[in-house]
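The values are calculated or read from the model by the stated rules, or taken from the named source; none is laboratory data. None of these values were measured; they are calculated from a predicted model. As a convention, Cβ positions derive from the backbone with ideal geometry for all residues, glycine included, and neighbour counts pool all protein chains shown. These area figures cover heavy atoms from the full protein model, side chains too; ligands, DNA and RNA do not enter into them. Shrake-Rupley method; radii C 1.70, N 1.55, O 1.52, S 1.80 Å.
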There are 2 protein chains.
Amino acid sequence: MMADITPVLERADANLPKSLDRLFDLVRIKSISTDPAFKAECRKAAEWLVSELTALGFTASVRDTPGHPMVVAHHAAAKADAPHVLFYGHYDVQPVDPLNLWDAPPFEPAIKEVEPGRKIITGRGTADDKGQLMTFVEAVRAYKEIHDALPCRITMLFEGEEESGSPSLKPFLEANAAELRADYALVCDTGMWDRETPAISAGLRGLVGEEIIIKAADRDLHSGYFGGAAANPIHILADILADLRDETGRVTLENFYEGVEETPAQIKAAWDTLGQTAEKFLGEIGLSIPSGEKGRSVLELTWARPTAEVNGITGGYTGEGFKTVIAAQASAKVSFRLVGNQDPAKIRETFRAYVRSKVPTDCSVEFHAHGGSPAIHLPYDSALLNTAKVALSDEWPKPAVVIGMGGSIPIVGDFQRMLGIESLLVGFGLSDDRIHSPNEKYELMSFHKGIRSWIRILDALAA
Amino acid sequence: MMADITPVLERADANLPKSLDRLFDLVRIKSISTDPAFKAECRKAAEWLVSELTALGFTASVRDTPGHPMVVAHHAAAKADAPHVLFYGHYDVQPVDPLNLWDAPPFEPAIKEVEPGRKIITGRGTADDKGQLMTFVEAVRAYKEIHDALPCRITMLFEGEEESGSPSLKPFLEANAAELRADYALVCDTGMWDRETPAISAGLRGLVGEEIIIKAADRDLHSGYFGGAAANPIHILADILADLRDETGRVTLENFYEGVEETPAQIKAAWDTLGQTAEKFLGEIGLSIPSGEKGRSVLELTWARPTAEVNGITGGYTGEGFKTVIAAQASAKVSFRLVGNQDPAKIRETFRAYVRSKVPTDCSVEFHAHGGSPAIHLPYDSALLNTAKVALSDEWPKPAVVIGMGGSIPIVGDFQRMLGIESLLVGFGLSDDRIHSPNEKYELMSFHKGIRSWIRILDALAA
């Protein structure tokens, strides 16, 4: 532990307006990683981060990959025996369509007072993940400005492909394992339990993304001439997707639930204390009926159960008006969320075999893989986790809780497997941040107290 | 019968190059009726036709409707007791997407020699229906140039909304019944049996077009946060579409087959003589297995059986790459082809009730009607039909045949019901004309001999 952290926290408070200016600069960069049209913008975001970190005294560099570049930065600690932490975030963002549903241009960040005393930061990436990664950068800044030193040795790793399956990540970690290995990783890409209760995520679902393209006739057909006799790829696709889940909400793929275990009673009990309900969870998004497996709580459904979801579908005429056509092809993007020991590779193969079995022999199917990662389960009571719990509880109105998480952060598993280091998943997002949706926002409180939280956590880790 | 028609036919031959120039002028007009962006182009096509017909001595005018305008033109006959024919065609065309599949710009018509002695006219609308309607206009021109008179009293009616459900047609016929009523209608929007065999269509399937929009959450969702608990509108839509047909290919809607009768044995027998097979019919489009009701011939499936087809579907992320989103809504355009006495209004209501029954109570559905018309059955042996049969057989290598038709031409029913006149369905399209698809074409032979066919038919009718 370094000297009293009060001045550091005060400096973070004083810096807030400038911290926001810097976040806005980063949000203005249209770093949509999944769309090749924004390749240059992704590099621009990486370069912006490198110049910021260099100015803070880091040895920082843009590191090329076959895809979008990584950012790696190093800074020594005040004391030689201080722990070495690897901080991870991602500078890429999701696409912004449908653009017409945004209240303001997605890449023109702004502060909005939504109710007395409650301000939000609006714009694509404010919550996922630019606002979050900047909480750590600004925490480090406050330390440097007050002590001209850092309590821990810090390596930062910022990725530019998190929203597009992280194709370059494993090879990069492999090639740079020695440089990146630390005592533990701090990953800031998760959320709070609620606006007063900070959370540490101990479970993450895995993900398998797959695109399928069904091809029937060699051209679009007139549904009058050919309707009733010619195969319709949209019907083939609809059959495939409909039969993917049974009426109880279970996924029908063979052996899909291999490796899926029931949630231990004590963890379920801990979740029950959180007082979540379907009404609260779904009410927030205008729904009320849990759609997945019957007889399970929404926390179980989203934290501890696997899913099959269609993320996109298209085929035939989708423009204004009507066109009586039978399409030559139709396609869908399907993703599976994985838990326990479900094997992404196995599930991809099972899915492909299932699809092939449903395609008539005079039609064909094409597959495109989009990322795959197993689920992650972190210990519920490690020293690292307990230290962070205390630090977070000091900052926020309510004590920190340990939760599961429905999303996927593949890198946590890669850190475990490839660098052999444990991760701490702390983030300050809220479930109504609309990440991946129009009108994404990040609470000003999340940003401000997030910065202060990292100051406390770094201090506690140094102790 | 007027004097020998040989000079008229010869004039049509001599006119061919100029006739093609005129057709090209019309094809260059982008009259896509279903897309509001092309409203002005539709009017332009109507005005072009009016000026052509006026030049031919017709009393022609553009007639406004709430949608795209109609063209009406009148010309007296040489003899007062000559029959009065109402000629119908449509100047609007289908959208051109996917544009990248066209070998040449769709609105830049050209002549292409595809094999020695076989030329085609390429471009959107060349076959459906601009090339066809111009066969009649050019037939009339040849008559006028030779005899300065016409063998029949002729009224022409050109519609601009045939490809978008003809919303203005019924009201227009009602309001102008007295002006449009004739002895019979000549409708040129159908096809030949094959390139040597002209055909008269005696059956037309009806059509019900319906767009459904399924709405779930009030925003696009992150499939990690909400996947497994939140309703996915694409899955709801897939279930609806999959259950619309059973494993035998039958449509599952309640009472859907009410009014559908088995094809009379003698008509089936006549069809059998045409020697059509699934291999030939589907082979042409790269398929081989009939997809509809089991145990029926492709002619039965496309001429005499009703269908349910999805013509378009869209929802979620359909761009480059992958986006793990649960969409707020998903939509599909569905059409039903009707036969016998199936009631379009009833079927639309049954379909809507079926869809509503499949939508969870916390989600909603929106419907948009796109056209509805019952099936048409014309007598297989009227005087009109037999006269035309002889005239067509004189022009083409093989005698004319009477066939069914899978498509829908609602106006034929409207002529029957609202004007009380019988229609003759003669056209010169071929099944490989790719109408409604990229690279639409019309055979030069169809255009040339089509003009000559109308000269013969008008002459025979006048007799």
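Nearest chain B C-beta to the B/A rotation axis, reported as residue and distance in angstrom, is B:Ala242, 2. Classification of region B:394-463 by its C-alpha gyration tensor yields an oblate form. The axis ratio a/c (a ≥ b ≥ c) is 1.5 or more, and b/c is at least a/b.
Per-residue mean of foreign Cβ neighbours for A:290-302 is 4 (Cβ atoms of other chains, 10 Å radius). Under 18 Å of direct C-alpha separation, and excluding same-chain neighbours fewer than eight residues apart, B:Lys441 reaches these lysines: B:Lys30, B:Lys112, B:Lys119, B:Lys130, B:Lys449. Other protein chain C-beta atoms within 10 Å of residue C-beta, averaged over A:238-247: 5. With its label point put 7 Å out from Cα toward Cβ, A:Asp394 sits 10.5 nm from the same residue's point in the other copies, in order from shortest. Couplings 3J(HN,Hα) for region B:285-298, derived from phi with the Karplus relation 6.51 cos²θ - 1.76 cosθ + 1.60 (θ = phi - 60°), are 10, x, 10, 8, 10, x, 9, x, 4, 5, x, 10, 6, 5 Hz, where x marks Gly and Pro. Electrostatic tally near A:Asn176: other residues with Cβ closer than 13 Å to its Cβ, Lys and Arg +1, Asp and Glu -1, net -2. Probing with 1.4 Å while keeping every protein chain in the model, the per residue accessible area of the protein assembly as shown equals 35 Å².
Across the identical copies, the 7 Å label point of A:Arg118, projected outward along Cα→Cβ, sits 7.1 nm from its counterparts, in ascending order. Amide H contacts for A:Phe87 (H built 1.01 Å from N in the peptide plane; partners 5 or more residues away or on another chain; cut-off under 5 Å): A:Thr155, A:Met156, A:Leu157, A:Leu186. Axis of helix B:344-358 versus longest Cα principal axis of chain B: the two differ by about 20°, to the nearest ten degrees.
For the peptide B:280-287, the mean number of other protein chain Cβ atoms found within 10 angstrom of a residue's Cβ is 6.
Here the sum of -39500 (n - 2.57) over DSSP H runs of 4 or more residues, divided by the residues of chain B, equals -10000 deg cm²/dmol at 222 nm, to the nearest 500.
Across the identical copies, the 7 Å label point of A:Phe367, projected outward along Cα→Cβ, sits 4.0 nm from its counterparts, in ascending order. Taking a ≥ b ≥ c as the square roots of the eigenvalues of the Cα gyration tensor, region A:66-205 is classed as oblate, since a/c reaches at least 1.5 and a/b does not exceed b/c. Please give the FRET efficiency for A:Asp432 paired with A:Ser51, using the beta carbon to beta carbon distance and R0 = 35 Å, rounded to the nearest 0.05. The calculated FRET efficiency here is 0.60. Angle of helix A:233-242 to the longest C-alpha principal axis of chain A, folded into 0 to 90 degrees and rounded to 10: 60°. Reducing region B:371-410 and region B:14-93 to their Cα centroids gives an inter-centroid distance of 23 Å. Taking amide hydrogens as placed 1.01 Å from N in the peptide plane, the amide H of A:Ser423 sits under 5 Å from those of A:Ala185, each at least 5 positions away in sequence or on another chain.
Per residue, the convex hull spanned by the alpha carbons of chain A comes to 155 Å³.
To test your reading of the geometry: what angle, between 0 and 90 degrees and rounded to tens, separates the Cα axis of helix A:444-462 from the longest principal axis of chain A? Relative to chain A, helix A:444-462 is tipped by roughly 60 degrees. Between A:Ala14 and A:Lys119, the modelled label-to-label distance comes to 1.9 nm, taking each label 7 Å out from Cα in the direction of the beta carbon. Taking a sphere under 14 Å around the Cβ of B:Phe367 and counting the other residues whose Cβ falls inside, with K and R at +1 and D and E at -1, yields a net charge of +2.
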